[in-house]
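The values are calculated or read from the model by the stated rules, or taken from the named source; none is laboratory data. As the structure is a computational prediction, the values presented were derived from the model and not from experiment. Here the Cβ positions follow ideal geometry from the backbone for every residue, glycine too, while neighbour counts run over all protein chains shown. Surface areas here come from the heavy atoms of the whole protein model, side chains and all, with no ligands, DNA or RNA. Shrake-Rupley method; radii C 1.70, N 1.55, O 1.52, S 1.80 Å.
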Amino acid sequence: MNVRLAKVDDLMGMQACNLQNLPENYMMKFWMYHAMTWPQISFVAEDHKGRIVGYVLAKIDEPAEDDKTQEIHGHVNSISVLRSYRRLGLAKKLMLLSQEAMASIYKASYVSLHVRKSNKAAIALYRDTLGFEVAKVEKKYYGDGEDALSMRLALK
Ligand code: ACO
């Protein structure tokens, strides 16, 4: 398995992977916007035939110039790995590469994300493996009414 920076050519494969794995899906222009605007922080995992089996899609939030209360930070919009490729360390690798790039290229001070309160696998990945903490619970964040954990990790 190879983990590398995502390219525009990968977007269809990333979208297909997202459709298989998550109920939160996005139009192609959303994937394209991220790849074109922040090209160094989204990554893919591919199999030996070059098929996309996992991805992380991320963005950078920059505060307005007159807003001193906010810091530049990364945000993970979506991450998933196809079922038969799970528990191989791919999501961990995808997250670490994105976090490193957010910190080194954009000087992001932290990374944030939202995750369903019931998503045990993803919460274990973020909290136990990567060291994220719950910043707050956002009630009824998802379309079906489920709460989200808003999680954060400080970047060095
Ligand atoms: N149960 C408990 N802990 C888990 C599980 C699980 N099913 N899966 C991963 N973990 C934790 C473990 O601590 C694991 O380390 P270990 O294998 O040494 O015990 C650690 O996370 C790293 O696991 P990876 O192998 O890197 O994770 P994987 O590649 O399997 O991907 C993911 C994890 C992305 C959550 C996968 O299960 C998936 O695609 N799920 C469906 C989509 C999803 O829920 N995405 C996250 C939504 S939130 C968002 O996108 C911001």
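Quick check on residue 71: is it in a helix (DSSP H, G or I) and either among the acidic types (Asp, Glu) or without any contact (Cβ under 8 Å) to a residue 24 or more places away in the chain (or both)? No: the conditions fail for residue 71.
Kindly check whether there is at least one residue in the stretch 140-156 that is open to solvent by 60 Å² or more (accessible area, probe 1.4 Å), within 15 Å of the ligand (Cβ to nearest atom) and at positive phi. For the stretch 140-156, residues open to solvent by 60 Å² or more (accessible area, probe 1.4 Å), within 15 Å of the ligand (Cβ to nearest atom) and at positive phi: absent.
Answer yes if at least one residue in the stretch 76-97 is away from the ligand (no atom under 15 Å from the Cβ), outside any helix (DSSP H, G or I) and either among the hydroxyl-bearing types (Ser, Thr, Tyr) or open to solvent by 20 Å² or more (accessible area, probe 1.4 Å) (or both), and no otherwise. Step through it out loud before you land on a result.
Of the residues in the stretch 76-97, the ones away from the ligand (no atom under 15 Å from the Cβ) are none.
The answer is no, given that none of the residues of the stretch 76-97 is away from the ligand (no atom under 15 Å from the Cβ), outside any helix (DSSP H, G or I) and either among the hydroxyl-bearing types (Ser, Thr, Tyr) or open to solvent by 20 Å² or more (accessible area, probe 1.4 Å) (or both).
Taking the stretch 98-109 as the range and being open to solvent by less than 10 Å² (accessible area, probe 1.4 Å) and of a type in the set (S, T, N, Q) as the test, only 98 passes. Any residue at all in the stretch 63-72 that is among the charged types (D, E, K, R), modelled with pLDDT of 95 or more and over 14 Å from residue 101 (Cα atoms)? The answer is no; no qualifying residue exists. Filter the stretch 99-120 for residues that are without any contact (Cβ under 8 Å) to a residue 24 or more places away in the chain and either among the hydrophobic types (A, V, I, L, M, F, W, C) or within 16 Å of the ligand (Cβ to nearest atom) (or both); which is nearest to residue 71 (Cα to Cα)? Filtering the stretch 99-120 for residues that are without any contact (Cβ under 8 Å) to a residue 24 or more places away in the chain and either among the hydrophobic types (A, V, I, L, M, F, W, C) or within 16 Å of the ligand (Cβ to nearest atom) (or both), the one nearest to residue 71 (Cα to Cα) comes out as 100.
What tally of residues in the stretch 1-51 results from selecting those that are in a strand (DSSP E or B) and surrounded by 13 or more Cβ atoms within 10 Å (Cβ to Cβ)?
Of the residues in that region, 6 qualify.
May I ask you to verify whether residue 112 is surrounded by 13 or more Cβ atoms within 10 Å (Cβ to Cβ), in a strand (DSSP E or B) and either among the aromatic types (Phe, Trp, Tyr) or touching a helix residue (DSSP H, G or I) at 6+ places or on another chain (Cβ under 7 Å) (or both)? Taking the combined requirement at face value, the residue does not satisfy it.
Is it the case, given these coordinates, that residue 65 is under 12 Å from residue 2 (Cα atoms) and more than 13 Å from the ligand (Cβ to nearest atom)?
On the way: under 12 Å from residue 2 (Cα atoms): no; more than 13 Å from the ligand (Cβ to nearest atom): yes.
No; evaluated as a whole, the condition is false for this residue.
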